[in-house]
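To start, the structure itself, in structure tokens.
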Amino acid sequence: MNKNITVTSPLLPNLNEFHELLKEIWESKWITNNGSFHRRLEAALAEYLKVPYVSLFTNGTLPLITALQALRITGEVITTPYSFVATTHALWWNGIKPVFVDIDPTTGNIDPNRIEAAITPKTTAIMPVHVYGKPCDTKRIKEIADKYGLKVIYDAAHAFGVEVPAEKYGLTPVTDESTTVNDQCSILNAGDMSTLSFHATKVYNTIEGGAMVMHDEATKKRIDYLKNFGFAGETEVIAPGINSKMDEMRSAYGLLNLKQVDEAIEKRHQVAIKYREALKNVEGIDYWDDIPGVKHNYSYFPIFVDSRKYGMSRDELYNKMKSYGVFGRRYFYPLISNFSTYRGLPSANKDNLPVATKMANEVICLPMHHLLTNEDIEKILNLIIQ
């Protein structure tokens, strides 16, 4: 019982299989710059994720930065304070002013009902986040964006493999080879672009890595130029690009992980079922159920602690768990808007963000990964259930 239980654990490919692929790379002596494994992984991910085009990156932050460049976003961008800091950092690195709006208490995502009031003549885009992999109200966001002529870039770092009912989310249903319509559609098809993170802590990882999803071949080509210094040929540079290509080793690693990610997600699903069953009658502990019709990836399991009902504050429970070797995380506390770089912005005022402030002060993400045992889960739950 002295074993530490971490909030996540990386999905690792079979070492012998990885070694075989590394031998191929060593023999080819092609270790980066759009090699065969890089190309194979892009194609495999596009098929798995049911999206038209994928461009691989060396981490999850650079596709955000590059998407803003590619769409020539300037001025102000409306976004959420309830996310990992990379979301807003990407705006700052592009000289763009983030404008925070509050979140929906039922999803943790940006509240579409608050977006219009934040739009000014300087607004050029909206950057929502599918928090914990729960899909944003993409249909309503698209309606607002179309009304005001705004671009939409989704930070989908948590949303690997998430699928939704197409009509409900304002997406085009997928037609398969037999011409039958499947109403389920990847949430990554929403917006002008979506970006992913393949960091070691994610459901699917390439150690470090990321990707961008786009809708057409011309955009894919432009993004591929931008992530390679802007080179469009040996001697032609078409734009001030950046170096953010994924190498062959991580691409090979990613190909192997893609073969086992479904099994890992199902194991996470079973953990979520156990958590919900045990916590459903614990006063002062709240959690979210699955959204009907959505294919979830169970990337996180947040609980929310109401100290008045539970008899203990969130931080007291968090520290109690930690003292027994159970390491949850307070994702996302503090809010991005509370960090020194951003707290001076008018939209960072906590009176503007009451729901996000409350959620940040109550959340603990419980350990959630494919290696949790029944004994691990029992230990975690015994510390919460008083």
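Among Pro98, Pro121, Pro367, which one moves the most in a GNM of the chain with springs linking Cα atoms closer than 10 Å?
In the Gaussian network model the winner is Pro121.
So, with +1 on the Cβ of K and R and -1 on the Cβ of D and E, and no other charges, what is the size of the charge dipole of the chain about its Cα centre, to the nearest 20 debye?
960 debye
Where only protein heavy atoms count, and the probe is 1.4 Å, what is the accessible area per residue for the range 43-199 in Å²?
Here the residues of the range 43-199 average 37 Å² of exposed surface.
What is the distance in Å between the Cα centroid of the range 294-362 and that of the range 201-256?
Centre-to-centre (Cα) distance: 33 Å.
With no solvent and one equal point scatterer placed on each C-alpha of the chain, evaluate the Debye formula and give log10 I(q)/I(0) for q = 0.08, 0.13 Å⁻¹, two decimals.
-0.42, -1.13
Given a 1.4 Å probe and the protein chains all in place, what does the accessible area of His19 round to, in Å² to the nearest 10?
Using a 1.4 Å probe on the heavy atoms, I get roughly 100 Å².
Counting only protein heavy atoms and using a 1.4 Å probe, what share of the accessible area of the chain belongs to carbon plus sulfur, as a whole percent?
That fraction is 52 percent.
Give me the distance in nm between label points sitting 7 Å out from Cα along the Cα-to-Cβ direction at Arg330 and Ile238, one decimal.
4.7 nm
Among DSSP bridges having both ends in the range 1-146, what percentage is antiparallel? Round to the nearest 5.
10 percent
Mind pulling up the Rg/Rh value for the range 131-174? Radius of gyration and Kirkwood radius, both on Cα.
In the range 131-174, Rg relative to Rh is 0.97.
Can you pull the accessible area of Trp288 for me, 1.4 Å probe, Å² to the nearest 10?
Looks like 40 Å² after rounding.
Enumerate the lysines that Lys280 could reach by cross-link, defined here as Cα to Cα under 18 Å, with residues fewer than 8 away along the same chain left out.
Once the sequence-local lysines are set aside, what remains near Lys280 is Lys309, Lys379.
So what is the 222 nm mean residue ellipticity for the chain from helices alone, if each DSSP H run of at least 4 adds -39500 (n - 2.57) and you divide by all residues, rounding to the nearest 500 deg cm²/dmol?
After summing the helix terms and dividing by residue count, I get -10000 deg cm²/dmol.
Given the whole protein assembly as supplied and a 1.4 Å probe, what does the accessible area of Lys358 come to in Å², nearest 10?
120 Å²
Please work out the average accessible area per residue across the range 301-386, using the 1.4 Å probe convention, and give it in Å².
Averaged over the residues of the range 301-386, the accessible area is 48 Å².
Using only the Cα atoms of the range 113-262, what do you get for the radius of gyration and for Dmax, in Å?
Taking only Cα atoms of the range 113-262, I get Rg and Dmax of 17.3, 49 Å.
Rounded to two decimals, what is Rg over Rh for the range 218-360 when you use alpha-carbon atoms and the Kirkwood radius?
1.11
The values are calculated or read from the model by the stated rules, or taken from the named source; none is laboratory data. Everything numeric in this text was worked out from a predicted model, so none of it was measured. With ideal geometry, Cβ positions are generated from the backbone for all residues, glycine too; neighbour counts draw on all protein chains shown. Heads up: the accessible areas ignore ligands, DNA and RNA and are worked out on the full protein's heavy atoms, side chains in. Shrake-Rupley method; radii C 1.70, N 1.55, O 1.52, S 1.80 Å.
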